[in-house]
Amino acid sequence: MFRPMNKPRAVHRCEACGATQPRWTGRCPACGEWGTLREELVDRRPGGAGPNLGPAAAPAAVALSEVDPEGHKPMPTGLGEVDRVLAGGLLPGSSTLVGGEPGTGKSTLLLQVLASMASAGRRCLLVAAEEAAHQVRRRASRLGADAERVLVVEATDLGAAEAVMVQVAPDVVVVDSVQAVRDPEVASAAGSPAQVRACAQRLVDLAKATGSALVLVGHVTKDGSLAGPRALEHLVDTVLTFEGDRYSTLRALRSVKHRFGQTGETGLFEMGEAGLGEVPDPSNLFLGDRKAGVPGSAVTVPVEGHRALLVEVQALVGRPTQVPRRYVTGLDAGRVGFLVAVLDRWGGVPVGEHDVYVSVAGGARACEPAADLAICLALASCLSKVAVPTGIVAIGEVGLGGEVRRVSAGAKRLAEAGRLGFTKALVPARSAPGAQTGLQVRPVATLYEALSSALPGAAFKRGPDGAPRRQQVSTRRDRWAAPSGAPHGYPVPSSGHPARLRVLGPPSP
């Protein structure tokens, strides 16, 4: 009887949740994301006898209290900012994915990590799947990272990379990059989601079996569609993102997923001629070029993991337009949009009809709600042309009702502000900043109260409905020209043309 050959079949896998569908649809039925289904080929291979679930194959179960929590200690990398993000270092048998856009410096950072760990006596292996060995040596010589214990191998075949890992038995192995490694048993091109997923799974299993700390490098584009960390994050223990602007020297290493520590931790580096240098005091870096006494500037204290940072929020309010635009950098654009509406309604600051430009200076980010109060102060300061006093920091979330809500880690934020010489702080009324902060703390319950405290020279008042209103300045359109000899404010006759008349003051005696 004739039997067809086992040809690979096509399935569509979602990059967001990993679910497979028999045919392509615009929206994933499992998670609801749009445009995330990608085609991949799967071999039609006959199934085996199935796993042996007998008593001999069953692993021994032990009580959780009997497991030694200190059985595997982290291996420090020697770079303080990397160890901060990894909660002490790399664990033996763990798998870490470092993702980011091409050109940010991922290979440079990991080469410095390997050199530092090799200097401490660790055996390190670099699987160079994109570069030749002599290219890696040139970069290492420039960075001063050409240590003797750092071994390098050129390999794009998965079997060859596994054979070297078993032969060398390294403490740490870096695969740069996982998109360039190909498994011949998978019927798809190198770099496809199926190839990347299959190669990563086998490398993770081998790292667990040998006890090596595995680090995978994954390139992602701006839309994250090239089989980047989104397709691999459920396979690994730790997901790190390396971010940076090609026009700036600042780089940020952030933990998105970490099974052995807290997520959200950030390590900061500065790119130079000799590689990446650590930034141990980022607050001084972000506020180093701040110009005091300029309207449209306010300082807040976001928290990145266990670290409190001081950043400057800058705002610029343009001319009124029929279709106002919002330009936001380093902040949550959605929050800035509703803060503009809250300022207009409850703060008495009519910025809703203006073009608004808001950014965090120095390339930093402040996307948490604790920066709301500083954003409002910067916008109100720019529109009123009254500068926020230099020694004030603003910490607090602003609600849709104009109330200032408390945030977490208040004492840590105020301690960092006091260390850098700030003397006053606007905090939510219900927050508990704690003692020994060294600052004059002014609790505020509403946005209007915060604006009145930080901008005493601006003219704000409450309207007849009880809502705050900014005092309007008389212009040509809202004042009438007075006829000669008439009292000030007398209406112009219907035959007059108010738009063509000059605004007059009280009549001369």
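Looking only at residues in the stretch 108-120 that are polar (S, T, N, Q) and surrounded by fewer than 21 Cβ atoms within 10 Å (Cβ to Cβ), which one is nearest to residue 139 (Cα to Cα)?
At the first step, the residues of the stretch 108-120 found to be polar (S, T, N, Q) are 108, 112, 116, 119.
Those left that are additionally surrounded by fewer than 21 Cβ atoms within 10 Å (Cβ to Cβ): 108, 116, 119.
On the way: 108: 8, 116: 15, 119: 17 Å.
Among those residues, the one meeting the criterion is 108.
Considering only the stretch 121-168, how many residues are outside any helix (DSSP H, G or I) and exposed (fewer than 13 other Cβ atoms within 10 Å of the Cβ)?
Just the residues of the stretch 121-168 that are outside any helix (DSSP H, G or I), to begin with: 121-132, 144-157.
If we keep only those that are exposed (fewer than 13 other Cβ atoms within 10 Å of the Cβ) as well, we get 121, 132, 144, 148.
Summing the residues that are outside any helix (DSSP H, G or I) and exposed (fewer than 13 other Cβ atoms within 10 Å of the Cβ) in the stretch 121-168 gives 4.
Name the residue that is nearest to residue 255 (Cα to Cα), counting only residues in the stretch 294-328 that are surrounded by fewer than 14 Cβ atoms within 10 Å (Cβ to Cβ) and either free of Cβ contacts under 8 Å to residues at least 24 places away in the same chain or touching a Ser or Thr at 6+ places or on another chain (Cβ under 7 Å) (or both).
Only one residue fits best here, namely 323.
I'm trying to understand the selection: among the residues of the stretch 141-178, which are closer than 19 Å to residue 102 by Cα, in contact with an Asp or Glu (Cβ under 7 Å, 6 or more places away or on another chain) and not acidic (Asp, Glu)?
If the condition is that a residue be closer than 19 Å to residue 102 by Cα, in contact with an Asp or Glu (Cβ under 7 Å, 6 or more places away or on another chain) and not acidic (Asp, Glu), then 177 is the only one that fits.
Does residue 53 qualify as being in a loop (DSSP other than H, G, I, E, B) and at pLDDT below 80?
Numbers: in a loop (DSSP other than H, G, I, E, B): yes; at pLDDT below 80: yes.
Considered against the rule, which asks whether it is in a loop (DSSP other than H, G, I, E, B) and at pLDDT below 80, residue 53 comes out as yes.
If residue 383 meets every condition in (1) crowded, with 24+ Cβ neighbours inside 10 Å; (2) outside any loop (DSSP other than H, G, I, E, B); (3) not hydroxyl-bearing (Ser, Thr, Tyr) apart from one, which number is that one?
The single condition residue 383 does not satisfy is (1).
Step by step: first the residues of the stretch 375-412, then only those that are charged (D, E, K, R) and either under 21 Å from residue 354 (Cβ atoms) or out of contact with any Asp or Glu (no Cβ under 8 Å at 6 or more places or on another chain) (or both), then the one that is modelled with the highest pLDDT. Which residue is that?
Filtering the stretch 375-412 for residues charged (D, E, K, R) gives 385, 397, 403, 405-406, 412.
Narrowing the set further to residues that are either under 21 Å from residue 354 (Cβ atoms) or out of contact with any Asp or Glu (no Cβ under 8 Å at 6 or more places or on another chain) (or both) leaves 385, 403, 412.
On the way: 385: 91, 403: 95, 412: 89.
Only one residue tops the list, namely 403.
Hey, any hits in the stretch 364-373 for a residue that's farther than 26 Å from residue 452 by Cβ, in contact (Cβ under 8 Å) with a residue 60 or more places away in the chain and surrounded by 21 or more Cβ atoms within 10 Å (Cβ to Cβ)?
yes
Could you say which residue among 213, 227 is at pLDDT 90 or above, surrounded by 21 or more Cβ atoms within 10 Å (Cβ to Cβ) and under 30 Å from residue 278 (Cα atoms)? Show your work before the answer.
Values: 227 fails: at pLDDT 90 or above.
Of the residues listed, the single one that is at pLDDT 90 or above, surrounded by 21 or more Cβ atoms within 10 Å (Cβ to Cβ) and under 30 Å from residue 278 (Cα atoms) is 213.
Could you grab the pairs with beta carbons closer than 7 Å, sequence gap of 6+ or different chains, first residue in the stretch 388-416 and within 15 Å of residue 368 (Cβ to Cβ), second one assigned to a helix (DSSP H, G or I) and among the acidic types (Asp, Glu)?
Going by the 7 Å Cβ cut-off, the qualifying pairs are 396/372; 397/372; 398/372.
Scan the stretch 91-112 residue by residue and report those that are more than 19 Å from residue 164 (Cβ to Cβ) and either assigned to a helix (DSSP H, G or I) or acidic (Asp, Glu) (or both).
Residues satisfying the conditions are 101, 106, 108, 109, 112.
Could you check the stretch 306-333 and list, in sequence order, the residues that are within 18 Å of residue 363 (Cβ to Cβ) and assigned to a loop (DSSP other than H, G, I, E, B)?
309, 310, 330, 331, 332
Do you know which residues across the stretch 370-390 are closer than 13 Å to residue 313 by Cβ and either over 17 Å from the mean Cα position of the chain (by Cα) or not aliphatic (A, V, I, L, M) (or both)? Before the answer, list the steps.
The initial filter retains those residues of the stretch 370-390 that are closer than 13 Å to residue 313 by Cβ, namely 370-382, 388.
Of everything in the stretch 370-390, those that are closer than 13 Å to residue 313 by Cβ and either over 17 Å from the mean Cα position of the chain (by Cα) or not aliphatic (A, V, I, L, M) (or both) turn out to be 372, 373, 374, 375, 376, 377, 378, 379, 380, 381, 382, 388.
Can you confirm whether residue 268 is modelled with pLDDT under 95 and more than 19 Å from residue 395 (Cα to Cα)? Outline the logic, then answer.
Working: modelled with pLDDT under 95: yes; more than 19 Å from residue 395 (Cα to Cα): yes.
Criteria met by residue 268.
Please specify each residue of the stretch 180-193 satisfying the condition of being surrounded by fewer than 24 Cβ atoms within 10 Å (Cβ to Cβ), within 31 Å of the chain's Cα centre (by Cα) and in contact (Cβ under 8 Å) with a residue 40 or more places away in the chain.
Those that are surrounded by fewer than 24 Cβ atoms within 10 Å (Cβ to Cβ), within 31 Å of the chain's Cα centre (by Cα) and in contact (Cβ under 8 Å) with a residue 40 or more places away in the chain: 180, 192, 193.
Would you please list the contacts, defined by Cβ atoms under 6 Å and residues six or more apart or on different chains, that run from a residue in the stretch 337-357 that is assigned by TED's automatic domain parsing to the domain that holds residue 380 and buried (at least 16 other Cβ atoms within 10 Å of the Cβ) to a residue that is part of a loop (DSSP other than H, G, I, E, B) and among the basic types (Lys, Arg)?
Listed by first residue and then by second, the contacts come to 355/325.
Taking the stated definitions as given, is residue 362 assigned to a helix (DSSP H, G or I) and either at pLDDT 95 or above or more than 24 Å from residue 408 (Cα to Cα) (or both)? Outline the logic, then answer.
Values: assigned to a helix (DSSP H, G or I): yes; either at pLDDT 95 or above or more than 24 Å from residue 408 (Cα to Cα) (or both): yes.
Against the criterion (assigned to a helix (DSSP H, G or I) and either at pLDDT 95 or above or more than 24 Å from residue 408 (Cα to Cα) (or both)), residue 362 qualifies.
The values are calculated or read from the model by the stated rules, or taken from the named source; none is laboratory data. Since the model is a prediction, treat every value here as computed from it, not as a measurement. Counting neighbours? That spans all protein chains shown, and the Cβs are built from the backbone with ideal geometry, glycine included.
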